[in-house]
Every structure is written in structure tokens, then in C-alpha cells.
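Everything below concerns the one structure shown next.
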Amino acid sequence: MMNTNLCVSVSLVCSFLRCVDYNVDSTVNFLLSVGMRPIFELSFMPEWLANGTDTVCHYQGHVDPPYDYDEWGSIIGSLGQHLVDRFGEQTASEFYFEVWNEPNDHFWRGDMDDYFHLYREAALALKNASAKLRVGGPATCCADCWMNEFVSFCSNTSTPFDFISTHAYSS
């Protein structure tokens with residue numbers, strides 16, 4: 001059986017888990033059935049939680065930080081707990097959770113410190129659902145952006161991270 005990963009954007013999850021049973025579960029069920037594991041990209045902000053009205057792309061993903069970081073963490077924690085309950089801790093521990101998409105570019109209206117706050121809330125919430133869930137970031141759009149700062153922030157604040165991610169482009 002093939003053991004590969006596929007990135008699944010879960011902005012639909014951040015529509016406050018209304019569609020989890022159908023959208024997320026059916027997608028994960030399919031991926032598991034073909035021997036793949038998802039990489040959840042935890043973005044964009046639900047409209048009702050966004051501390052602003054800025055959007056990007058044709059689907060109008062909200063890119064403002066949350067007005068309530070605790071609520072953001074609660075949403076992400078609920079997703080993590082749902083996946084552990086639905087698929088079991090062992091299987092869910094094979095998934096990756098990347099917090100946000102390219103926060104150093106136009107997909108995030110906050111600054112680096114705002115992103116680190118967002119990341120911390122998501123990481124702690126996922127680890128509360130299961131210490132075995134794998135979470136990382138900063139998911140920047142260049143290989144040397146925010147990497148040292150991210151590791152320093154996580155180390156200095158005891159914020160968990162299981163991997164470091166970036167989106168490298170050839171241009």
C-alpha cells in the first residue's frame with residue numbers, strides 16, 4: 001500500500017466545523033482508502049471570527065487575525081479531537097497539521113508576532129486533543145523567511161512543533 005501524503009486545505013473546517021462529518025471525514029476516508037494521509041493546512045479565518053474584512057482569491061478566504069485567539073484555538077482543538085475520535089489516535093497521528101498558508105505574504109494581514117500567537121493557540125489545542133498529533137509551521141513562501149524566529153519563538157515559549165514547513169518556489 002502506498003504511504004504518501006496529500007495536502008488538503010481545511011478552510012472549510014474553519015467555517016466552524018459545520019461540514020466536518022461530510023467534507024473532512026469523506027475526504028480523509030478517501031485518502032485512507034488509497035493509502036494516503038492528509039496534510040491539513042489550517043487556514044483561512046472564519047468570517048465571523050476575523051478581526052477585519054480582508055479576503056484573497058476568488059473564494060474570498062479571510063486573511064485577518066482572529067478577534068479572539070482562544071476561540072481560534074477552540075476550533076482547531078475541536079478539529080483535532082474530532083479526528084482522533086473518528087479515526088483513532090494512531091491513524092490521526094499520521095496526519096500533519098500546518099498552521100496557515102504563507103503568513104509572510106498576502107494570505108495573512110497580521111504581522112509575524114500575530115502569526116506566532118495564532119500558531120501557539122493551534123499547536124497547544126491540537127496537542128491537547130492528542131500529544132501524538134503532528135503540528136508545524138511557519139508555512140512561509142520562502143525557505144529562509146521566519147524560520148529562525150519560529151524556532152526561537154517555539155523554544156522560548158515552550159510551544160510544540162513537530163516539523164518546520166515552507167513553500168519553496170523555483171522563481
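The values are calculated or read from the model by the stated rules, or taken from the named source; none is laboratory data. All of these numbers come straight from a predicted model, not from anything done at the bench. Positions of Cβ are generated from backbone atoms using ideal geometry, with glycine treated the same way; all protein chains shown enter the neighbour counts. Note: areas computed on protein heavy atoms with side chains; ligands, DNA, RNA excluded. Shrake-Rupley method; radii C 1.70, N 1.55, O 1.52, S 1.80 Å.
Structure notes:
- Rolling a 1.4 Å probe over the heavy atoms of the protein chains gives region 26-76 an accessible area of 45 Å² per residue.
- Amide hydrogen proximity for Arg109: with H placed 1.01 Å from N in the peptide plane, the residues at 5 or more positions away or on another chain lying under 5 Å are Asp64.
- Label zone at Arg86, where the point sits 7 Å out along the Cα-to-Cβ direction: region 26-48 residues whose backbone N lies under 18 Å: 26-44, 46
- Low-density loop positions, chymotrypsin sites (Phe, Trp or Tyr not before Pro), region 22-91 - DSSP coil, at most 14 other Cβ in 10 Å: Trp48, Tyr59, Tyr67
- Candidate values (1) 35, 30, 12; (2) 23, 18, 17; (3) 28, 20, 14 were compared with semi-axes √(5λ) of the Cα gyration tensor in Å computed on the shown model; the agreeing label is (2).
- Given 15 as the ceiling on other Cβ atoms within 10 Å, longest exposed-site-free region of the chain for trypsin sites (Lys or Arg not before Pro) in DSSP loops: 19-131
- Protein accessible area in the chain, 1.4 Å probe - carbon and sulfur %: 48 percent
- Annotation for region 21-57 versus region 99-171: alpha-carbon center distance of 17 Å.
- Dipole-positive endmost among Gln90, Phe153, Val24 within the chain (Cβ charges, Cα centre): Gln90
- Charge sum, other residues only, whose C-beta stays under 10 Å from Glu98's C-beta, Lys/Arg counted +1 and Asp/Glu -1: 0
- Its relative contact order, with pairs defined as Cα atoms under 8 Å and 6+ residues apart, puts the chain at 19 percent.
- If R0 is taken as 25 Å, the Cβ-Cβ distance between Asp105 and Asp162 corresponds to a FRET efficiency of 0.60.
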